[in-house]
């Protein structure tokens with residue numbers, strides 16, 4: 001009987017240890033579900049694959065542009081744009097994030113991050129994460145664009161305040 005109790009305790013300990021071991025990607029996305037983002041939404045004359053909600057994340061690759069739609073319900077909203085680089089090959093020379101108002105205007109002072117000749121991988125650091133806060137106005141659908149000439153794979157999360 002003592003052997004059975006010991007085996008049972010070891011099994012419980014092993015299960016606890018396995019559940020505590022998350023990859024960096026799993027820790028980044030937490031309990032969010034992946035959004036394949038393969039629909040066709042047109043906002044500001046630009047095709048986007050999805051309306052990205054806070055309980056979802058999308059994957060993407062650079063070089064290139066990724067467009068998603070963020071729906072807001074307030075006159076003023078802070079968007080926290082978070083990227084996790086799952087693969088980093090070449091940091092490139094340009095990185096851009098910008099969020100448009102529902103009327104398709106852009107406030108470059110509050111809703112745009114444009115980095116030129118900056119190593120985004122160095123900026124992401126050991127944890128391979130970038131976070132930028134953008135301010136948008138107007139209730140409705142906001143086009144969010146990301147662009148880089150880097151060579152990388154990433155996970156994208158957008159949170160609203």
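What follows is calculated from the coordinates using simple rules that are stated; it is not laboratory data. It should be emphasised that the depicted structure is a prediction, and the values quoted were computed from it without experimental measurement. All Cβ positions, glycine included, derive from the backbone under ideal geometry; neighbour counts span all protein chains shown.
Remark: spin-label model distance residue 153-residue 139 equals 4.1 nm, labels positioned 7 Å along the Cα→Cβ axis. Report summary: the helix-based calculation at 222 nm, which adds -39500 (n - 2.57) for every DSSP H run with n ≥ 4 and divides by the residues of the chain, gives -5500 deg cm²/dmol.
Under the criterion of Cα pairs below 8 Å and six or more residues apart, the relative contact order for the chain equals 32 percent. Kirkwood radius for the chain, taken over all pairs of different Cα atoms as the inverse mean of 1/r, rounds to 17.3 Å.
Fully extending the segment from residue 114 to residue 26, taken as 0.36 nm per residue of separation minus the present Cα-Cα distance, adds 28.9 nm.
Compared with the dominant principal axis of the Cα atoms in the chain, helix 2-20 is inclined by about 10°.
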